[in-house]
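The values are calculated or read from the model by the stated rules, or taken from the named source; none is laboratory data. Remember, predicted model here, so these are calculated numbers, not experimental data. Cβ sites come from the backbone with ideal geometry, for glycine too, and all protein chains shown count toward neighbours. Please note that ligands, DNA and RNA were not included when accessible areas were found on the heavy atoms of the full protein model with its side chains. Shrake-Rupley method; radii C 1.70, N 1.55, O 1.52, S 1.80 Å.
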Amino acid sequence: MKKARRSFDQQFKIVAVRALAESGKTTGEFARALGIGRSQLERWKKRLEGRPRLLTTFPAKDGVGAEQHELAELRREVAEHKRAEVALQETLEEHRALIETTDTGYVVLNAEGRVLGANREYVRLSGHGSVEEILGHNVIEWTAPHDIQRNAEEVTRAVERGSVHNFEIEYVDRQGTATPVEINATILHTSEGLRIVTLCRDITERRRTSDERRESEEKYRATFETTGTATVLIEADTTISLANREFELLSGYSREDIEGKKSWTEFVVPQDLDRMLTQHRIRRERGEAAARRYEFGFVNRRGETRDILLTIDVIPGTKQSVASLADLTEHKRTARALQENEELYRTLVTTVPDLIVRTDLSGKVVFVNETGFPSWGYAKMDAIVGKNMLAFIAEEERERAARNAEIMFQQRLGPREYTLILEGRPNLNCEVAGNVLRDGQGRPSGMVYVVRDITERKHVQDQIVASLHEKELLLKEIHHRVKNNMQVISSLLSLESQKVDDVRVKELFRESMNRIRSMALVHEKLYRSDNIAAIDFDDYLRSVTAQLLRFYHKEGINCTVDAKNILLGVDAAIPCGLIVNELVSNTFKHAFAGRKEGSVVVGLHRRDNGLLELTVHDNGVGFPRGVDFREMRSMGMTLV
């Protein structure tokens, strides 16, 4: 339109200047005749004088009539020009009004990015109050710093390709508030140079909506991922288009293997497939008629079958459905185990002859097994249920029973014996084992007791104790008599030794007497001890060494014994006693010859491997040089 206007203006100017040249009138007279200003006509004439080829003459016409004809033609052309100019101006005003009222920013820039013109919306976007504030200013003044380089690069590319489409940057106002804008621009090459005609749209709301949508999608995905159950998005053709981490774990496949590649039908056991395909079809045809929750068999990658509770529904307005899969396998296994345990418990309760009693926290009986109460002298369960458990315990034992019941709330307590007072069976000896019952939160809810008749067991136990006591007395008597018999033998040897004059023979008699005394001492310790199976060997060694000190008159020798916490039975004590007797006797006879003082240490210790180590050492003269005790054949060394 502007081009048409320039063409029309140019033609009108040429015609007017031609007519002026040929009319012979002054510029003022001719301007008045045309209805235009004199100065305007003079400017036209001056511009066209340098272009003589345009000023060709009109065909000659004679007389005044010709002049009037030319003026009439000019007036007609001027009138048409004015009408066209008015129409053009109206169109420009309409366009200007449209540009000013649109919610899109409009700006014209030169090649350097300076503003040549803009509408009110662009002024607002740039953060200014009027167009005068931005005319001549470069757009980088209100471009966000992080977008300046991007903007310059985009302008360079736009000059090459002639336009910019959907380019997003941010403008920053004088208060530092950023406004995101989307730019579309066209590059024009005019006689006055390059022009960039730009449309800028405020995309704050669009970004907010986009951010909200992205946030909503992130929340949805986060929810999708953190439901705690396997969840999938299913398309109408049964393809799984989305799967969460839990479904990966359940199926054994990765998301890359599942999404867009796997059908949910691949995970269903054959016997459930037709039923589920029917539900899949009904769900998309009649919606509410389809089941939303049911169980099916799920086959994972390893070929294992899992019991699954499926919850599924169609997303409104789509053919997609969201399915949540809860693995019930362990729950069902636990339920089966619980059912088996309950059956076992029921069998035990109904078959054991013991009385099983359950009470509340106050001690009141709320349950008694049916097979137990008849054998305790009661015809009906009502005779026991409703009464306090302490009422069935002998009065002198109730306080102890109440204390034990309180202790059970803090720690486990083993069976306790009580005397029960029951109908038809007074003074019944019973063993009562109890425990605290707790609810699902671990809070005490009552007590359970198992009451067992131990009257017969007590009777047998008493018989066994009495029998053991008798045998213990008998064993002690045997040990006492063995010890006495050995003392008799020792005395006989002493009497015989008095008839012998040979010193060597006398010494042999004395050594034999000491050996007999060491054995007799074992039996003496056993019958004097509370434990007739073993003796305290530390005490035994002290007695043996003291006896030898007196026998050999070695009061100046210090004899120490170290055998603490060692208990030996008669089979081990007698040979150990003989060894100690021989070694200590040998020490007293030979190690301290000509000496009145010295020390002997006798020790018996348990080694890490469990064996016992017996040691006898002294600070005497030791074995003579050249004597190997392992080659000696004396009676004492042979015994050792």
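Evaluate the range 116-130: report whether one residue or more is under 48 Å from the mean Cα position of the chain (by Cα) and open to solvent by 40 Å² or more (accessible area, probe 1.4 Å). Steps first, please.
Looking only at the range 116-130, we keep the residues that are under 48 Å from the mean Cα position of the chain (by Cα), and these are none.
Looking through the range 116-130, none of the residues is under 48 Å from the mean Cα position of the chain (by Cα) and open to solvent by 40 Å² or more (accessible area, probe 1.4 Å).
Of all residues in the range 254-278, exactly one satisfies the criterion of being closer than 19 Å to L328 by Cα and in a strand (DSSP E or B), namely V268.
Which of the residues that make up the range 292-325 are in a loop (DSSP other than H, G, I, E, B) and surrounded by fewer than 14 Cβ atoms within 10 Å (Cβ to Cβ)? Those that are in a loop (DSSP other than H, G, I, E, B) and surrounded by fewer than 14 Cβ atoms within 10 Å (Cβ to Cβ): R292, R301, R302, G303, E304, I315, P316, G317, T318, K319. Does D530 satisfy being at pLDDT 75 or above and charged (D, E, K, R)? It is false that D530 is at pLDDT 75 or above and charged (D, E, K, R). Residue pairs whose Cβ atoms lie under 8 Å apart, sitting 6 or more positions apart in sequence or on different chains, and linking a residue in the range 610-621 that is without any contact (Cβ under 8 Å) to a residue 24 or more places away in the chain to a partner that is of a type in the set (K, R), are E613/R606; E613/R607. Taking every residue in the range 226-238 that is among the small types (G, A, S) and pairing it with any residue that is open to solvent by less than 60 Å² (accessible area, probe 1.4 Å), at least 6 positions away or on another chain, the pairs with Cβ-Cβ distances below 7 Å are A230/N244; A230/F247; A230/L250; A230/L325; A236/R284. Among residues of the range 407-430 being in contact with a helix residue (DSSP H, G or I) (Cβ under 9 Å, 6 or more places away or on another chain) and part of a loop (DSSP other than H, G, I, E, B), the one that is surrounded by the most Cβ atoms within 10 Å (Cβ to Cβ) is L413.
So that you can scan it fast, the table gives a plain yes or no per residue for (1) closer than 20 Å to T104 by Cα; (2) modelled with pLDDT of 85 or more; (3) exposed (fewer than 14 other Cβ atoms within 10 Å of the Cβ):
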site: P145; (1), (2), (3): no, yes, yes
site: S163; (1), (2), (3): yes, yes, yes
site: E168; (1), (2), (3): yes, yes, no
site: E192; (1), (2), (3): no, no, yes
site: Y220; (1), (2), (3): no, no, yes
site: F224; (1), (2), (3): no, no, no
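For (1) in contact (Cβ under 8 Å) with a residue 40 or more places away in the chain; (2) over 30 Å from R403 (Cα atoms); (3) β-branched (V, I, T), each residue gets a yes or a no:
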site: D327; (1), (2), (3): yes, yes, no
site: E330; (1), (2), (3): no, yes, no
site: A335; (1), (2), (3): no, yes, no
site: E343; (1), (2), (3): no, yes, no
site: T347; (1), (2), (3): no, yes, yes
site: T351; (1), (2), (3): no, yes, yes
site: D354; (1), (2), (3): yes, no, no
site: D360; (1), (2), (3): yes, no, no
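For beta carbons closer than 7 Å, sequence separation of 6+ or different chains, a first residue in the range 514-542 that is buried (at least 21 other Cβ atoms within 10 Å of the Cβ) and aromatic (F, W, Y) and a second that is assigned to a helix (DSSP H, G or I) and at pLDDT 70 or above, the qualifying pairs are F537/A573; Y540/L521; Y540/A573; Y540/G577.
Does any residue of the range 559-575 turn out to be in contact with a Leu (Cβ under 6 Å, 6 or more places away or on another chain) and under 18 Å from R515 (Cα atoms)? So far as the range 559-575 goes, no, none of its residues is in contact with a Leu (Cβ under 6 Å, 6 or more places away or on another chain) and under 18 Å from R515 (Cα atoms).
Yes/no per residue for (1) farther than 17 Å from A326 by Cα; (2) small (G, A, S):
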position: T238; (1), (2): yes, no
position: A243; (1), (2): no, yes
position: D257; (1), (2): yes, no
position: G260; (1), (2): yes, yes
position: D274; (1), (2): yes, no
position: R283; (1), (2): yes, no
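Evaluate the following for N404: is it outside any helix (DSSP H, G or I) and either loosely packed, with under 12 Cβ neighbours inside 10 Å or among the polar types (S, T, N, Q) (or both)? Reasoning before the result, please.
Numbers: outside any helix (DSSP H, G or I): no; either loosely packed, with under 12 Cβ neighbours inside 10 Å or among the polar types (S, T, N, Q) (or both): yes.
In short, no.
Please work out if D571 is at pLDDT 80 or above and either open to solvent by 60 Å² or more (accessible area, probe 1.4 Å) or over 27 Å from D536 (Cα atoms) (or both). In short, no.
Across the range 357-384, which residue is least open to solvent (accessible area, probe 1.4 Å) among those that are part of a loop (DSSP other than H, G, I, E, B) and at pLDDT 85 or above? Show your work before the answer.
Taking the range 357-384 and keeping what is part of a loop (DSSP other than H, G, I, E, B), we get 360-363, 369-372, 377-380, 384.
Then drop every residue that is not at pLDDT 85 or above, which leaves 360-363.
Values: D360: 41, L361: 99, S362: 83, G363: 15 Å².
Among those that are part of a loop (DSSP other than H, G, I, E, B) and at pLDDT 85 or above, it is G363.
In the range 574-585, the count of residues that are open to solvent by 40 Å² or more (accessible area, probe 1.4 Å) and closer than 23 Å to F623 by Cβ is one or more. When the criteria are applied in full, E472 fails the requirement of being exposed (fewer than 12 other Cβ atoms within 10 Å of the Cβ), at pLDDT below 70 and on the phi < 0 side of the Ramachandran plot.
Residue-wise test of (1) among the polar types (S, T, N, Q); (2) farther than 21 Å from P316 by Cβ; (3) loosely packed, with under 14 Cβ neighbours inside 10 Å; (4) within 30 Å of the chain's Cα centre (by Cα).
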| site | (1), (2), (3), (4) |
| --- | --- |
| D211 | no, yes, yes, no |
| A230 | no, yes, no, yes |
| L249 | no, yes, yes, yes |
| W264 | no, no, no, yes |
| P270 | no, yes, yes, no |
| R283 | no, no, no, no |
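Across the range 447-461, the qualifying residues are those that are outside any strand (DSSP E or B), β-branched (V, I, T) and at pLDDT 80 or above, and the one among them that is most open to solvent (accessible area, probe 1.4 Å) is V460. Note on the range 588-614: among residues that are open to solvent by 50 Å² or more (accessible area, probe 1.4 Å) and assigned to a strand (DSSP E or B), the one that is nearest to R550 (Cα to Cα) is L614. Residues being crowded, with 16+ Cβ neighbours inside 10 Å and of a type in the set (S, T, Y) are represented in the range 173-182 by at least one member. Is there any pair with a first residue in the range 481-498 that is open to solvent by 40 Å² or more (accessible area, probe 1.4 Å) and a second that is part of a helix (DSSP H, G or I) and modelled with pLDDT under 70 whose Cβ atoms are under 6 Å apart and which are 6 or more apart or on different chains, and what are they? Between residues of the range 481-498 that are open to solvent by 40 Å² or more (accessible area, probe 1.4 Å) and residues that are part of a helix (DSSP H, G or I) and modelled with pLDDT under 70, the close pairs are V482/H523.
Looking only at residues in the range 100-110 that are modelled with pLDDT under 85 and farther than 22 Å from P180 by Cβ, the one that is least open to solvent (accessible area, probe 1.4 Å) is E100. Residues satisfying the criterion are absent from the range 295-310 (criterion: under 29 Å from F224 (Cα atoms), of a type in the set (S, T, Y) and free of Cβ contacts under 8 Å to residues at least 24 places away in the same chain).
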